[in-house]
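To keep things clear, I will list the structure first and then write my remarks on it.
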Amino acid sequence: MQTLAHFGDGGPGPWILFFPVIWALVIGGGIALLRRTGWRGRGGPARRSPVDEHSPIAVLGHRFASGEIDEDEYWRRLSVLTEEFGPTKRNP
């Protein structure tokens with residue numbers, strides 16, 4: 001019976017399995033690193049907006065984007081909303 005890759009005849013023996021395992025670890029580590037640093041598909045957790053879609057700030061942004069209000073009115077209202085609904089303030 002022959003052993004792995006003719007180990008007794010000067011072949012590489014069980015060491016031949018070492019290199020595929022190393023490559024699998026390198027590829028798996030690269031994928032894990034990319035996932036941890038925010039490389040995700042569209043709509044993944046890394047791309048979610050910090051503002052809820054139905055919050056007053058989001059509604060104001062949609063109104064500005066659709067052309068219902070001009071830039072001056074947008075900034076004026078946004079300054080009021082960030083004081084009331086900003087990240088440090090909470091709704092009662």
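The values are calculated or read from the model by the stated rules, or taken from the named source; none is laboratory data. In this text, all values refer to a predicted model and were calculated from it rather than measured experimentally. Please note: Cβ atoms are built from the backbone with ideal geometry, for glycine as well, and neighbour counts cover all protein chains shown. Side chains included, ligands, DNA and RNA excluded: accessible areas come from the protein's heavy atoms. Shrake-Rupley method; radii C 1.70, N 1.55, O 1.52, S 1.80 Å.
Quick check: residue separation of A65 and R36 times 0.36 nm, minus the Cα distance between them. What number comes out in nm?
Working: separation 29, 0.36 × 29 = 10.44 nm, distance 3.28 nm.
Value of the extension gain: 7.2 nm.
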**With all protein chains modelled, accessible area of S66 [1.4 Å, Å²]** = 80
**Request:** Would you calculate the separation in nanometres between label points at H54 and D72, each defined as 7 Å from the Cα along the Cα-to-beta-carbon direction?
**Result:** 3.4
